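Have a look at the structure below before the remarks.
Bear in mind that the values in this text are calculations on the coordinates, not laboratory data. Every value quoted in this text rests on a predicted model; they were computed, and no experiment measured them. Every residue, glycine among them, receives a Cβ derived from its backbone with ideal geometry; neighbour counts consider all protein chains shown.
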């Protein structure tokens with residue numbers, strides 16, 4: 001909660017014009033993007049069937065995390081909000097629930113992107129399906145790669161990252 005409050009304060013400051021107001025326009029600003037990254041600990045495709053005590057779990061990602069991104073997208077409707085996931089690591093059931101949840105809940109300024117579309121991510125051995133690397137190392141490196149990828153777009157003047 002503290003991280004979100006801190007983000008909201010700093011993020012809101014970037015919207016202020018010379019008069020100090022926070023008036024927003026409904027059109028998307030192409031120079032501003034807010035990024036979220038979800039990296040699985042391991043491929044859900046290779047985890048096998050759920051254990052008996054987890055048989056009711058159909059989705060390998062807690063969808064309530066994505067609601068935070070959707071809420072920020074509603075707060076800043078002129079900001080593009082990108083949610084990055086590694087689709088290669090999602091099983092069919094999780095992909096279905098994630099896409100359905102987004103279809104029902106995500107505002108129009110939220111888009112999903114595959115981390116594998118970033119060449120540096122796709123080529124890095126830490127993101128191989130067999131990789132046993134530390135999850136937090138994977139997450140931190142993915143964050144860096146996403147922000148670096150976005151900053152390489154000359155149209156981007158403001159690139160933000162937020163945690164779920």
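Just a few scattered comments:
- Label-to-label distance for residue 124 and residue 28 is 2.5 nm, based on points extended 7 Å past Cα in the beta-carbon direction.
- Ordering 81, 139 from the fewest to the most neighbouring beta carbons within 10 Å gives 139, 81.
- For segment 28-161, the ratio of Cα radius of gyration to the globular rule of thumb 2.2 N^0.38 Å stands at 1.09.
- Computed from label points 7 Å out along Cα-Cβ, the spacing between residue 132 and residue 95 is 2.8 nm.
- Extension gain, residue 108 back to residue 164 (0.36 nm per residue minus Cα-Cα distance, nm): 18.3 nm
- Spin-label model distance (nm) - residue 140 vs residue 157, 7 Å beyond Cα toward Cβ: 3.3
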